[in-house]
Amino acid sequence: MRTGVLSLQGAFAEHIRKLRDLGNDVFEIRSQKDIEKPFDALVLPGGESTAMKKLLDATGLLNPLKQLISEGIPVLATCAGLILLAKNIEGGEESCFASMDIEVKRNAYGRQLGSFRCKEHFNGEVIEMPFIRAPYVTKVGKDTEILSVHDDKIVAVKQGRQIAVSFHPELTDDTAVYDMFLKI
Ligand code: GLN
């Protein structure tokens, strides 16, 4: 399986390391020529969603990736990646790929207490969840499955072949999120 990790900005290196450890053939997506050859799955990492949006636009990657997502390529999106997939962003900010029927709140835990770790259920396992200035999901559509809730807030969702989480699974030793992604 060939997995492309969007590598314009943010925590892409940690995803690459983790996926390689799990035996994946992984490559970095930095420009349009990187996606000329076919690939099987896409990872959208954490970082700063506004910066990533600008870079997606500037590199011309926005439309081809949007196309692949709408055609059903499996996607794993973490933190800022979740914001890129959301159809709505609280406050009216412009969406990016808008492929998941969810509304998200950016920097939802506040800027001071924005980073913390907890243990929570994900697909029948209890896993470590590091949050870094994280968003959470405020609304889901009827086709969106809720995978994890922490403190009454939705922090992991699945719609079709897209999995999106508020936290950073690439910064822990748990593999449950990747296991689900690689099964898809
Ligand atoms: N606060 C970032 C944003 O709104 C997301 C943080 C992250 O990806 N760790 O884009």
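Summary of computed values
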| quantity | calculated |
| --- | --- |
| Candidates Gly124, Gly141, Gly92, ranked by Gaussian network fluctuation over the chain, Cα under 10 Å, top entry | Gly92 |
| Within segment 67-116, GluC sites (Glu not before Pro) in DSSP loop having at most 11 other beta-carbon neighbours inside 10 Å | Glu71, Glu94 |
| Helix-only [θ]222 nm of the chain, DSSP H runs n ≥ 4, -39500 (n - 2.57) each, per residue, nearest 500 | -6500 deg cm²/dmol |
| Stretchable slack from Glu48 to Leu22, in nm (0.36 nm times residue separation minus alpha-carbon distance) | 6.7 nm |
| Probe 1.4 Å, protein heavy atoms only - accessible area per residue of the chain in square angstrom | 47 Å² |
| Violating pairs (Cα-Cα greater than 30 angstrom) within the set Lys119/Lys158; Lys33/Lys105; Lys139/Lys183; Lys18/Lys54 | Lys33/Lys105 |
| DSSP-defined antiparallel bridges as percent of all bridges, the chain, nearest 5 | 55 percent |
| Label-to-label distance, nm, for residues given as Asp34 and Asp173 (7 Å Cα→Cβ offset) | 3.0 nm |
| Fully extended contour minus Cα-Cα distance, from Met180 to Asn63, at 0.36 nm per residue | 39.5 nm |
| Contact order relative to length of the chain, as percent, for alpha carbon pairs under 8 angstrom and 6 or more apart | 18 percent |
| Cross-link reach list, lysines versus Lys37, counting only Cα pairs under 18 Å and skipping chain neighbours closer than eight places | Lys66 |
| Interchain or long-range residues, amide H under 5 Å from Ser115's placed H | Arg133 |
| Pairwise FRET efficiency - His121 versus Lys153, Cβ, R0 = 22 Å, nearest 0.05 | 0.95 |
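The values are calculated or read from the model by the stated rules, or taken from the named source; none is laboratory data. Remember, it's a predicted structure, so these values are computed and weren't measured experimentally. Neighbour counts are summed over all protein chains in view; Cβ atoms, including those assigned to glycine, are modelled from backbone coordinates with ideal geometry. With ligands, DNA and RNA removed, areas are computed over all heavy atoms of the protein, side chains included. Shrake-Rupley method; radii C 1.70, N 1.55, O 1.52, S 1.80 Å.
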